[in-house]
Amino acid sequence: MLLQKSNFRIWTCTLAAALCLACAPLSFAQEIDRDDVIKVNTDLVVLDAQVVDKKTGKPFATLRKEDFEIFEENIRQQIAYFSQDQLPLSILLLLDVSRSVRPIIGEIGEGANNALRQLKPEDEVAVMAFADYPKLMQSFTRDRRQVTEKIFAASESEELGNATMLNEALYEAAQEMTRATNPANRRAIIVVTDNLALPYGTYDVREVMRELFESGTVVYGLRVRAAFAKVFNVLTFGKIKGVDTFVEETGGELLGADRSEVDSKLGEMFTRLRTRYTLGYRPPESNPEGAFRRIKVQLTPAILKSNKKLVVRARHGYYFRKK
């Protein structure tokens, strides 16, 4: 069970090998021979990384394996796997349906078909709504029509209350991510919220972060604000930033959207997920079982010398699980 939940999970040998052999281009086959693919994917720490221009915010999508460095507890690791947009996506849409956001969620439903077109046929989507508590509206499916219908259903229901209990929702969403149909998929939670989450609840930030790391999930935030939320943000001097910590720690992104552009921004998020790089390395066998290991992904000095404005966004650690 722990192996299935681990963020940088011990990949299922046959499935991961099949994906790599079926999807990898010739350049990857040259880096790791066919006989080594099976051995590599039984013990890899695997993570996604996004590289953006910090001035423009645009993804930088033309890098190679040799352009990255990975450090675990400040010790450099050898990159054994590298790809970009080869593994399918498992995306959970986590919709804030508190009173101030509920009308905007309905507008997402109206434009959902356009946004979902940015996904590939093999990508899967789940829908969860939350306010006072979370509720799974749609388990993982490749049926885009079902996804759209459940977004509408979430926007029309008042049964979940009017608060914004983000921690509870993210905790449940992270656990739902472990039920993705393909254990080798890249995993992302997209939180659509006004970001005015209450700072208390059943789970604290540490507990939520553990579930996110264990499930191998990147958190993206789509911040939408109606009139009330904008006023409240001014009154609190912008200090309530519910989803920000989870986005930062998991290596995700936070985008803002006006009411009229929520569906287009959601489509942009799907597109940005396609530009992320997937990297893998073998963790030290001496790691203590269950220990949290800090990770840093960065670009090589040579790349930074010619592209000083590039920054890497990747998760900050993982829980080590032995085979």
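The values are calculated or read from the model by the stated rules, or taken from the named source; none is laboratory data. For clarity, every value in this text was computed on a predicted model and none was experimentally measured. Every residue, glycine among them, receives a Cβ derived from its backbone with ideal geometry; neighbour counts consider all protein chains shown.
Quick notes on this structure:
- Selection count, region 180-194, where residues are among the charged types (D, E, K, R) and under 25 Å from L279 (Cβ atoms): 2
- Selection count where residues are among the hydrophobic types (A, V, I, L, M, F, W, C), closer than 22 Å to A115 by Cα and touching a Lys or Arg at 6+ places or on another chain (Cβ under 7 Å), scope region 151-203: 2
- Residues of region 293-311 satisfying the condition of being within 16 Å of V52 (Cβ to Cβ), in a strand (DSSP E or B) and in contact with a Phe, Trp or Tyr (Cβ under 8 Å, 6 or more places away or on another chain): V297, Q298, L299, L310
- Scanning region 74-100 for residues that are over 17 Å from the mean Cα position of the chain (by Cα), within 24 Å of A302 (Cβ to Cβ) and surrounded by fewer than 20 Cβ atoms within 10 Å (Cβ to Cβ) yields a count of 6.
- When region 227-253 is limited to residues that are in contact with a helix residue (DSSP H, G or I) (Cβ under 8 Å, 6 or more places away or on another chain) and at pLDDT 90 or above, the one that is nearest to T164 (Cα to Cα) turns out to be V243.
- Subset of region 113-128 [under 16 Å from V191 (Cβ atoms), modelled with pLDDT of 95 or more and out of contact with any Ser or Thr (no Cβ under 7 Å at 6 or more places or on another chain)]: V127, M128
- Qualifying residue in region 254-272 (condition: in a strand (DSSP E or B), at pLDDT 80 or above, touching a Phe, Trp or Tyr at 6+ places or on another chain (Cβ under 9 Å) and under 29 Å from E110 (Cβ atoms)): yes
- Complete set of residues in region 248-283 that are loosely packed, with under 13 Cβ neighbours inside 10 Å and not polar (S, T, N, Q): G256, D258, R259
- Within region 112-137, the set of residues being surrounded by 19 or more Cβ atoms within 10 Å (Cβ to Cβ) and part of a helix (DSSP H, G or I) comprises A112, A115, L116.
- Checking each residue of region 295-316 against the condition of being touching a Pro at 6+ places or on another chain (Cβ under 8 Å) and either touching a residue at least 24 places away in the same chain (Cβ under 8 Å) or outside the structural domain of E214 (by TED's automatic domain parsing) (or both) gives no match.
- Test: residue in region 55-65 that is crowded, with 20+ Cβ neighbours inside 10 Å and under 30 Å from S286 (Cα atoms): no
- Selection count where residues are more than 21 Å from E207 (Cα to Cα), buried (at least 17 other Cβ atoms within 10 Å of the Cβ) and among the charged types (D, E, K, R), scope region 158-190: 1
- Scanning region 134-163 for residues being hydroxyl-bearing (S, T, Y) and either at pLDDT below 90 or not assigned by TED's automatic domain parsing to the domain that holds D96 (or both) gives a total of 2.
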